[in-house]
Amino acid sequence: MMKSMMIAAALAALVASGSAHAQGMQGMDMKDHGSMHGMHMGKQADADAKGTGTVKKVDVEKRTVNLAHDPIEAIGWPAMVMDFQVAESVDLSNVEAGQEVEFSLAKNGNSYVVTSIAPKG
């Protein structure tokens, strides 16, 4: 009886952690930019990262940016298109769709937030 209760508790924890991980991955579109194969999720634990890419969409009111980014080796991500929350300290007034940018990401719970973004170069 005790063993089956321990197994049930372990399964519940596993399901909960998978759900939290899936929520952190929402907003990604890898159809044309690779797959999750090769992503080293373990590297995400406490790393900040820098990336480059192209802005697809900016929503100043929601403080989000959709980026088609190149691989981000510091966190083991392949190239893909995804939405990111943007830190309050970041000025989005000069960020436009079509721009090639350099950006920094910081870990925030189960996801990353853009902490800086500027035209590439």
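Just so it is clear, none of the values below were taken in a lab; they were calculated from the coordinates. Source: prediction; values computed, not measured. All Cβ positions, glycine included, derive from the backbone under ideal geometry; neighbour counts span all protein chains shown.
Electrostatic tally near Val65: other residues with Cβ closer than 10 Å to its Cβ, Lys and Arg +1, Asp and Glu -1, net +2. Place a label point 7 angstrom from the Cα of Lys107 along the Cα-to-Cβ direction, then list the residues of region 64-83 whose backbone nitrogen is under 13 Å away. Output list for this probe position: 75-76. Note: relative contact order over region 65-121, using C-alpha pairs below 8 Å and six or more positions apart, is 28 percent.
The H on the amide N of Gln99, modeled in the peptide plane, is under 5 Å from the matching H of Val55, each at least 5 residues off or on a different chain. Legend: calculated FRET efficiency, Lys62 to Asn94, from the Cβ-Cβ distance at R0 = 22 Å, rounded to 0.05, equals 0.80. Remark on Ile72: its backbone amide H falls under 5 Å from those of Trp77, a criterion applied only to residues 5 or more positions apart or on other chains, H modelled at 1.01 Å from N. For region 51-107, the ratio of Cα radius of gyration to the globular rule of thumb 2.2 N^0.38 Å stands at 1.06.
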